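Trainee: Take this structure, written in structure tokens, and hold onto it; I'll ask about it next.
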Amino acid sequence: MNSEPTCGCAGAGGGGCSGGGDASLGTGARERRWADADGEHIDVRGLPPPQPMVAILRLLAGIDAGAASRTVIAHLDRDPLMLYPELVQRGWRARLLPQAADEGVRLRLQRESAPT
């Protein structure tokens, strides 16, 4: 059983819910966001394409390059094949995380380190 909140409001370690969906999408479905020790989470399961990719890219664009936490855990219905090249272009990398088959896909997104 998945212990993660479906809305993110009661996520482990607090962090709260920002529900940051776009009301103009017309479906009533919204992404759910919360933060815990693993990083910032965004759950886009149940959103029709291309909304999951748009929501994830919008979140990543809002993360300051100097932010202490540069890790995002994305919860999706399926492997987001179209997202990977967009991540690379923006300086992010993705790693597939273990997840029960009936719970979709989880990706750990991390900003690439700046070259020294």
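The values are calculated or read from the model by the stated rules, or taken from the named source; none is laboratory data. These numbers were taken from a predicted model, which means no experiment stands behind them. Heads up, the Cβs are rebuilt from the backbone with ideal geometry, glycines too, and the neighbour counts pull from every protein chain shown. Quick note on the areas: whole protein, heavy atoms, side chains included, nothing else; ligands and nucleic acids left out. Shrake-Rupley method; radii C 1.70, N 1.55, O 1.52, S 1.80 Å.
Trainee: Would you mind stating whether Gly21 is more than 23 Å from Gly91 (Cα to Cα) and either in a strand (DSSP E or B) or modelled with pLDDT of 90 or more (or both)? Step through it out loud before you land on a result.
Mentor: Details: more than 23 Å from Gly91 (Cα to Cα): yes; either in a strand (DSSP E or B) or modelled with pLDDT of 90 or more (or both): no.
Taking the combined requirement at face value, the residue does not satisfy it.
Trainee: On to the next question. List, please: which pairs have Cβ atoms under 8 Å, are six or more places apart or on different chains, and start with a residue in segment 97-116 that is over 18 Å from Arg58 (Cα atoms) and end with one that is at pLDDT below 85?
Mentor: Ala100/Asn2; Glu103/Asn2; Ala114/Ala65
Trainee: Every residue in segment 34-51 that is open to solvent by less than 40 Å² (accessible area, probe 1.4 Å) and among the charged types (D, E, K, R), please.
Mentor: Asp43
Trainee: Could you tell me which of the residues Pro80, Pro85, Pro98 is touching a strand residue (DSSP E or B) at 6+ places or on another chain (Cβ under 8 Å) and modelled with pLDDT of 95 or more?
Mentor: Pro80
Trainee: Something else about it: Could you grab me the full set of residues in segment 26-39 that are closer than 20 Å to Arg90 by Cβ and at pLDDT below 95? Lay out the reasoning, then the answer.
Mentor: Just the residues of segment 26-39 that are closer than 20 Å to Arg90 by Cβ, to begin with: 31, 33, 39.
The answer is Glu31, Gly39.
Conditions (1) of a type in the set (A, V, I, L, M); (2) over 23 Å from Arg30 (Cα atoms); (3) in contact with a His (Cβ under 8 Å, 6 or more places away or on another chain); (4) open to solvent by less than 80 Å² (accessible area, probe 1.4 Å), marked per residue:
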| position | (1), (2), (3), (4) |
| --- | --- |
| Met53 | yes, no, no, yes |
| Gly66 | no, yes, no, yes |
| Thr71 | no, no, no, yes |
| Pro80 | no, no, no, yes |
| Asp102 | no, no, no, no |
| Leu109 | yes, no, no, yes |
